[in-house]
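Just below is one structure, and these are the notes that go with it.
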Amino acid sequence: MELHTGRSWRDHDDIDVGVCRDDHANLRRWLDGWQIALTAGGVLTEWDGAELVESMHHNNLWCRRDREGRWAIDVTIGSGTRKEWIYRRDSSIRRPWSAAVLYSAARVPYLAPDLQLLFKSASPRPKDDLDAAEVVPVSATTNAAVCETSSGSSIPGSRCSRGPEPDAQATNPAL
């Protein structure tokens, strides 16, 4: 969202990266030498490179350079086809990739802010509310696009609302 607004308003513990489920096998090559852990069902386990199964909630990988280091990259495994991005919590929410992935002035790709906030709406934390407060006023599409297409889904700070989904905080962060 900071790439969208061109400014920063809070500190970050890690870098969030998105990868399509079909491309996840490349992560081992891209992050050669890194420790990669799967967080699913609230548990953090070493990822052995096995297939990430959506029905088993294999949707996030945490990465760090070594076992003593901090987790530096949070990889979200996304859904989609070669033509469109698909919201994994509600497959009726879809966008052409050209609308789902935007580019900063320096050509750095990022997920459109309305879609980032849609993910954050499942279990909003104070930092998610802060993000929404910064982004919603400057992004004309944030409220309208998600509220109109999501059958009740919401984003923090928007005019539409939905109850939270269960939060799956990973245990065993030291791994």
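Below is a table of values for the structure above.
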item	result
Highest to lowest packing among 15-25, 108-118, scored as the average C-beta count within 10 Å	108-118, 15-25
Sequence-distant residues sharing a close amide H with Trp71 (under 5 Å, placed H)	none
Least to most buried among Val43, Val135 (fewest other Cβ within 10 Å first)	Val43, Val135
Hz values of 3J(HN,Hα) by residue in the range 60-74 - Karplus curve (6.51, -1.76, 1.60), Gly and Pro given as x	9, 10, 9, 10, 8, 5, 8, 5, 8, x, 7, 5, 10, 10, 10
Unit charges on C-beta of K, R, D, E only; dipole of the range 2-149, Debye	280
Phi-based couplings in Hz for the range 26-43 (Karplus 6.51, -1.76, 1.60; Gly and Pro marked x)	6, 4, 4, 6, 5, 10, 4, x, 8, 7, 10, 10, 8, 10, 8, x, x, 10
Charge dipole of the range 1-111 about the Cα centre (unit charges at C-beta), most positive-ward option of Ser98, Trp47, Ala37	Ser98
Amide H partners (placed H, <5 Å) of Val43, local residues excluded	Thr171
Whole-Å distance, taken between Cα centres, linking the range 94-128 and the range 1-36	13
Under 5 Å, built H, 5+ apart or other chain: amide partners of Arg88	Ser79
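Each reported figure results from applying straightforward, stated rules to the coordinates on display, with no laboratory input. Since the model is a prediction, treat every value here as computed from it, not as a measurement. In this analysis, Cβ positions are derived from the backbone assuming ideal geometry, glycine residues included, and neighbour counts consider all displayed protein chains.
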